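The values are calculated or read from the model by the stated rules, or taken from the named source; none is laboratory data. Being a predicted model, the structure only gives us computed values, none of them experimental. A quick note on method: Cβ atoms are made from the backbone with ideal geometry, for glycine too, and the neighbour counts reach across all protein chains shown.
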Amino acid sequence: MPDTKRGLFGHPVIIAFMAIIAAVEFIRMSLFITFLPSFMTSLHYTTIAIGAVISANLLADNLSKGAMGWLVDHRGPWPVLLAGSITAFTGIILIMNFPQDLFLMIIAAILIGLGVAPTWPAAIAGSIQTVGEEKRATIISVISVIWLSGGGLGPILMGFLIDTRLRKFLSKVNLPPIDAYKTGFTILSAVAVLAVVISILGWLSWRSLPHLQQHTVNPEGGERKPHRLREVFHRLWLVKGLIPGMFFQTLSLGMLLPNLLPYATRQIGLSESQYSLLLLIGGAFVVLFMIPVGHMADKFGSRSFLVAGFTLAALSLFVLIQFGNATNIWWMVGFVGLSYALIQPAWNALLAGSIPPGQRGVLMGLFMSVEGLGFAVGPLLGGFLGSLTGQAPGILGRMGSATPFYVSSFCLIIMAFVYLVYPFHIYELKEES
């Protein structure tokens, strides 16, 4: 049994899980939110090409999460995390060496997606196994904060690094110039190597705790697997009404990914470093409100927070594209961060109520695969919509570069209405005899 008397961070395994989450999210978010769009733009790729690379990464990541969750359940988290870290490192090296080949860029994005896919289900399942079920909510909250912190630091650091104004300033004061993209790839490679080392150390710590090994062994042999598979598909069938929402809400957010940095720099007039500060402010609002909202969602239910979050997100985007400028965008992004803080804990609480503990790894992976499918298709659609400036007839042509933001805002307000009337109580987990 887990030693529940020890502090939450009394296990080296928990420290390793936190470190691998931070490292992997640093790589993923810095690459696909800030660094890679800027790098590919400098190589004169179109927004369609940028969206295709981002979508390839997200598709590989999220479509493989179910399989990764199954591997975590049956082989343990650390062998899967080690293989994933090596795969992600390989993808980074491929981008570094073949930046002019779009096909190889897409292959590299797929490798990085496969490499980071096991991180979330492995960290959730493994951490709960380590600290015990009674600390489940606490450890998930901590993992969420570490996930946001690592994922937020990456785009912020890369934004400062690639800021053209910063490089001009360095040249004026006679400081050595920075090769932003070469330095960025060096940082990303170093973090990927660190993830490999963390995986090895985490695996060694995991093997030193005998009570954890029972979670990675199937004592009943192969006869049990078909039964478990039936249970998984049965549970998925019971919660099938949640699946369209999983896809649609992440589709609306994914559409913004290839367009955020270009819109902020070209339309609003921000520098890349100001864009990084903008992400920092939005992330601070998310971190500040996420845990309190999670506690309130447990107490009052998810519906009101989902409706409020999606409504606020839709209105924030609409106001941004109508009235946003370099002065007021700083408080507008605070509302966007608050809306995410309202949505994420409430949605996780809703999903958690439909997942049996014994199927946590594979079901969490499958749910994230469905969510990620929308998040992967979104950038491809967003890149296409962002390329319609002045070309499309009718209303799309008149909206110009703001088209992805209008479409995303429309999708979000639809989700708010759906969650206002949808009967969530039918998905509450009931133990079956």
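Restricting to region 283-300, name every residue that is among the small types (G, A, S) and buried (at least 16 other Cβ atoms within 10 Å of the Cβ). Passing the criteria: G283, G294, A297.
Residues of region 403-433 being modelled with pLDDT of 80 or more and among the small types (G, A, S), which ones? Selection gives S408, S409, A416. Scanning region 23-51 for residues that are among the small types (G, A, S) and surrounded by fewer than 21 Cβ atoms within 10 Å (Cβ to Cβ) returns S42, A49.
For (1) modelled with pLDDT under 80; (2) of a type in the set (S, T, Y); (3) part of a helix (DSSP H, G or I), each residue gets a yes or a no:
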{"position": "T4", "(1), (2), (3)": "yes, yes, no"}
{"position": "G10", "(1), (2), (3)": "yes, no, no"}
{"position": "V13", "(1), (2), (3)": "no, no, yes"}
{"position": "A23", "(1), (2), (3)": "no, no, yes"}
{"position": "R28", "(1), (2), (3)": "no, no, yes"}
{"position": "I54", "(1), (2), (3)": "no, no, yes"}
{"position": "L59", "(1), (2), (3)": "no, no, yes"}
{"position": "G69", "(1), (2), (3)": "yes, no, yes"}
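Output the residue which, of all residues in region 157-177 that are modelled with pLDDT under 60, outside any helix (DSSP H, G or I) and aliphatic (A, V, I, L, M), is surrounded by the fewest Cβ atoms within 10 Å (Cβ to Cβ). The qualifying residue surrounded by the fewest Cβ atoms within 10 Å (Cβ to Cβ) is V173. Note on region 229-282: among residues that are over 21 Å from the mean Cα position of the chain (by Cα) and under 15 Å from E371 (Cα atoms), the one that is surrounded by the fewest Cβ atoms within 10 Å (Cβ to Cβ) is K240. Of the residues contained in region 58-72, one or more are found to be of a type in the set (K, R) and surrounded by 21 or more Cβ atoms within 10 Å (Cβ to Cβ).
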